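S.K.: Sharing a structure, written as structure tokens. Questions coming.
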Amino acid sequence: MDLKMYAENISKKAKKSQKYLIKINTEKKNKALLRAAELIIEKKDQIQQENRKDLEKAEKKGYSKALLDRLALNEKRISGMVQVLKDVASLPDPVGQVISMWTRPNGLKIGRMRVPLGTIMIIYEARPNVTVEAASLCMKSSNAVILKGGSETINSNRILVEILKQAARETGFPEDAIQFVETTHREVVNYLLQLDQYIDVVIPRGGESLIRAVSEKAKMPVIKHYKGVCNLYIDNEADMEKALNIAYNAKVQRPSVCNAIENLIVHKDIAEQFLPEIAYYFGKAGVEMRCDQASLDILQDHPKAHDTELVPAKEEDYYEEFLDLIIAVKVVEDIDEAIDFIHKYGSNHSEAIVTENYTKGMRFINEVDSSAVYINASTRFTDGNEFGLGAEMGISTDKIHARGPMGLEELTIPKFIIFGDGQIRDNFGIPLEEEKVEINKEACDLR
């Protein structure tokens, strides 16, 4: 296979489909999504059969249990994909939405209207349900999509794309708007990343090494987050029950995801009360606590931390995305030190404060510069579905139009629309034939 030609071919098809996508109305988009949901139910056995092929290969390669779990399409996850398609179909269509309008003194009406980004390439690893999430969001927002999943889920992704394409054909949706990279050769990605004349945006979802590699090679804009070093600050005016539940949930419920906390920051006035309690529950869950000296002094000989693995923290631990049952702990003097700590060690993903003090909570929200900031809730909610977006293309920590979980609106951008009634600038119009007009060269500067 000529990989360069292959990459160009699928990119051209996606680009060409844009002129048809922009004409598709909301009803037709929703019909395609709902038909895809029906087909997934009808072909559930085939989907699981293809998924088993991927799981068998992964097992032979010695993949970890955690990764095998991410690859698996069980009944619950298939139902989840069906629900995603239904949820996205039920959401308002952002395309064509006029988000603002004003009138200038000369009578011109100026507005902003949402339009699709164009062709989006998403590069992702492990989870085959991303295929359906990404495609559904792009279909509803009138974007063409190029899907590049990992080689470990090639069979699962292929059948899901076949279903999406079948739904498109049956409902009159442009089939070429859904492109799938069927080859597992890694070199094809390098060719795709050079095709900025066809691909408008690339979104990498995966480990930090993947995201950095894509960012370095891509000619088109990249929407990314390198890692999720999420922080939880327990204030001295925190409700103890809330603090314990939130800390436990944010670390233990699913430690291998980007919105789980990696750093636990505790106000010194509540540390002796809070730390032994959370250490007791962390110990039962098998969480290793990497402690600064202050927290180590509190926990080292405490009976409630008897079964908890305590390790002296190193400086680099606070920068680390563990994605495991490990947490770094820091005791601070006050909220100012907590915020400074987050700015230094965090990755601008998700941060939370537990406090009953409204002023402190609002300070935290205003001063912490991350894509999602919480008061009295677990960071585990940073997810498109949990935020009511139907699904997500990824979580952006970039400072661009999209920040946090990317739903339908984040897959559009505004363009200016202008309504006039013959207005011309500086009354510089066509001169009458009988008049002799001396053109001022400086007046020709149209800036």
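The values are calculated or read from the model by the stated rules, or taken from the named source; none is laboratory data. Worth saying up front: this structure is predicted, and the values here are computed from it rather than measured. Quick reminder, even Gly has a Cβ in these numbers, built from the backbone with ideal geometry, and neighbours come from all protein chains shown. SASA here: full protein model, heavy atoms, side chains in, ligands and nucleic acids out. Shrake-Rupley method; radii C 1.70, N 1.55, O 1.52, S 1.80 Å.
S.K.: Could you grab me the full set of residues in the range 181-208 that are without any contact (Cβ under 8 Å) to a residue 60 or more places away in the chain and within 18 Å of V132 (Cβ to Cβ)?
M.R.: E182
S.K.: Where residues in the range 1-30 are among the basic types (K, R) and under 18 Å from D176 (Cβ atoms), which of them is most open to solvent (accessible area, probe 1.4 Å)?
M.R.: Ranking the candidates gives K23 first.
S.K.: Determine if the range 344-356 includes at least one residue that is open to solvent by 40 Å² or more (accessible area, probe 1.4 Å), within 29 Å of the chain's Cα centre (by Cα) and modelled with pLDDT of 90 or more.
M.R.: Yes, there is a match, as at least one residue in the range 344-356 is open to solvent by 40 Å² or more (accessible area, probe 1.4 Å), within 29 Å of the chain's Cα centre (by Cα) and modelled with pLDDT of 90 or more.
S.K.: Then there is this: Which pairs turn up if I take residues in the range 272-291 that are under 11 Å from E309 (Cβ atoms) and look for partners that are open to solvent by less than 10 Å² (accessible area, probe 1.4 Å) and small (G, A, S) with beta carbon separation below 7 Å, at least 6 apart in sequence or on another chain?
M.R.: Listed by first residue and then by second, the contacts come to A279/A305; G283/A305; M289/A279; R290/A328.
S.K.: With the condition kept exactly as written, say whether any residue in the range 201-222 is open to solvent by less than 40 Å² (accessible area, probe 1.4 Å) and within 14 Å of I10 (Cα to Cα).
M.R.: Checked the range 201-222: no residue is open to solvent by less than 40 Å² (accessible area, probe 1.4 Å) and within 14 Å of I10 (Cα to Cα).
S.K.: As an exercise: evaluate D69 against (1) of a type in the set (D, E); (2) out of contact with any Gly (no Cβ under 8 Å at 6 or more places or on another chain); (3) modelled with pLDDT of 95 or more and give the number of the one condition it does not meet.
M.R.: For D69, the failing item is (3).
S.K.: Oh, and also: If we keep just the residues of the range 40-80 that are part of a helix (DSSP H, G or I) and of a type in the set (G, A, S), which is surrounded by the most Cβ atoms within 10 Å (Cβ to Cβ)?
M.R.: If we take residues in the range 40-80 being part of a helix (DSSP H, G or I) and of a type in the set (G, A, S), then A58 is surrounded by the most Cβ atoms within 10 Å (Cβ to Cβ).
S.K.: Going by the conditions given, is T103 modelled with pLDDT of 95 or more and open to solvent by less than 10 Å² (accessible area, probe 1.4 Å)? Before the answer, list the steps.
M.R.: Details: modelled with pLDDT of 95 or more: yes; open to solvent by less than 10 Å² (accessible area, probe 1.4 Å): no.
Taking the combined requirement at face value, the residue does not satisfy it.
S.K.: Separate question: When you go through N427, N376 one by one, which is the residue that is at positive phi and out of contact with any helix residue (DSSP H, G or I) (no Cβ under 9 Å at 6 or more places or on another chain)?
M.R.: Going through N427, N376 in turn, the sole match is N427.
S.K.: For the range 22-43, how many residues meet the condition of being of a type in the set (A, V, I, L, M, F, W, C) and farther than 15 Å from R169 by Cβ?
M.R.: Summing the residues that are of a type in the set (A, V, I, L, M, F, W, C) and farther than 15 Å from R169 by Cβ in the range 22-43 gives 4.
S.K.: May I pose another question? Quick check on my filter: what residues within the range 223-257 are open to solvent by 60 Å² or more (accessible area, probe 1.4 Å), at pLDDT 95 or above and under 20 Å from the mean Cα position of the chain (by Cα)? Break it down into steps so the answer makes sense when it comes.
M.R.: Going residue by residue through the range 223-257, those that are open to solvent by 60 Å² or more (accessible area, probe 1.4 Å) are 226, 237, 241-242, 245, 248, 253-254.
Now restrict to residues that are at pLDDT 95 or above: 237, 241-242, 245, 248, 253.
Answer for the range 223-257, where residues must be open to solvent by 60 Å² or more (accessible area, probe 1.4 Å), at pLDDT 95 or above and under 20 Å from the mean Cα position of the chain (by Cα): just Q253.
Every residue, every condition in (1) in contact (Cβ under 8 Å) with a residue 12 or more places away in the chain; (2) under 22 Å from A294 (Cα atoms), yes or no:
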residue	(1), (2)
K217	yes, no
N236	yes, yes
E241	no, no
K268	yes, yes
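S.K.: If you don't mind, there's one more thing I want to ask. From the residues in the range 5-37 that are assigned to a helix (DSSP H, G or I) and free of Cβ contacts under 8 Å to residues at least 24 places away in the same chain, which one is farthest from Q197 (Cα to Cα)?
M.R.: Ranking the candidates gives E27 first.
S.K.: For the range 339-379, which positions are in contact with a Cys (Cβ under 6 Å, 6 or more places away or on another chain) and either part of a strand (DSSP E or B) or of a type in the set (A, V, I, L, M) (or both)?
M.R.: S350
Conditions tested, residue by residue: (1) in a helix (DSSP H, G or I); (2) farther than 30 Å from G420 by Cβ.
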residue	(1), (2)
V82	yes, yes
G96	no, no
I99	no, no
P105	no, no
R114	no, no
M121	no, yes
R127	no, yes
M139	yes, yes
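S.K.: With the requirement that a residue be open to solvent by less than 40 Å² (accessible area, probe 1.4 Å) and either more than 17 Å from L117 (Cβ to Cβ) or not in a loop (DSSP other than H, G, I, E, B) (or both), what does the range 167-189 give you?
M.R.: A167, A168, T171, F173, A177, I178, Q179, F180, V181, T183, V188, V189
S.K.: Quick check: is even one residue across the range 397-405 closer than 17 Å to L264 by Cβ, of a type outside the set (D, E, K, R) and outside any helix (DSSP H, G or I)?
M.R.: Within the range 397-405, none of the residues are closer than 17 Å to L264 by Cβ, of a type outside the set (D, E, K, R) and outside any helix (DSSP H, G or I).
S.K.: How many residues, within the range 406-447, are at pLDDT 90 or above, surrounded by 10 or more Cβ atoms within 10 Å (Cβ to Cβ) and assigned to a loop (DSSP other than H, G, I, E, B)?
M.R.: Adding up the residues that qualify gives 7.
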